[in-house]
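Asker: Provided herewith is a single structure, encoded as structure tokens, for subsequent inquiry.
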Amino acid sequence: MSTFDDRERAFETKYARDQEMQFRITARRNRLLGAWAARLMGLTEAEADAYAKDVIRADFEEAGDEDVVRKLLGDLTSAGVETDEGKIREALQHKTVEARRQLMQAEG
């Protein structure tokens, strides 16, 4: 094996690990967002857990965060919670940071 092959394999491994971590951060963020929205809507603990899973599933509709923002905005508005897209995007940013912190702490 050449040094070039070793470096290539190392970069591929790092890329795969980074992609997996980003997926885990996004899924955790969506769970946290779902819990946040559930509290605003006054859902029970069981309903909140189910809702958080719905938010995670909503993220698979299209690339990016627009599908999650659209779901949260529609659900919160339907539940009579006064909110707007800006508040949801702000929560999305905060929950991304929180999710990253939680996962980093879990990995030690």
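Asker: Surrounded by fewer than 18 Cβ atoms within 10 Å (Cβ to Cβ), over 20 Å from R24 (Cβ atoms) and modelled with pLDDT under 95: is that true of E61 in this structure?
Answerer: Judged against the criteria, E61 is not a match.
Asker: Which members of region 21-39 meet the condition of being surrounded by fewer than 18 Cβ atoms within 10 Å (Cβ to Cβ) and over 19 Å from Q105 (Cβ atoms)?
Answerer: R39
Asker: Look at I88 and say whether it is at pLDDT below 95, within 16 Å of the chain's Cα centre (by Cα) and either assigned to a helix (DSSP H, G or I) or not acidic (D, E) (or both).
Answerer: In short, no.
Asker: Have a look at D6, D67, D18 and point out the one that is free of Cβ contacts under 8 Å to residues at least 12 places away in the same chain, surrounded by 14 or more Cβ atoms within 10 Å (Cβ to Cβ), among the acidic types (D, E) and part of a helix (DSSP H, G or I).
Answerer: Result of the check over D6, D67, D18: D67.
Asker: Any idea which of (1) assigned to a helix (DSSP H, G or I); (2) in contact with a helix residue (DSSP H, G or I) (Cβ under 7 Å, 6 or more places away or on another chain) is the one L43 doesn't satisfy?
Answerer: (1)
Asker: Now, a different point. Out of everything in region 1-24 that is under 29 Å from K95 (Cα atoms) and among the charged types (D, E, K, R), what residue ends up being nearest to the chain's Cα centre (by Cα)?
Answerer: Selected residue: R24.
The values are calculated or read from the model by the stated rules, or taken from the named source; none is laboratory data. No experiment lies behind these values; they were computed from the predicted model shown. Heads up, the Cβs are rebuilt from the backbone with ideal geometry, glycines too, and the neighbour counts pull from every protein chain shown.
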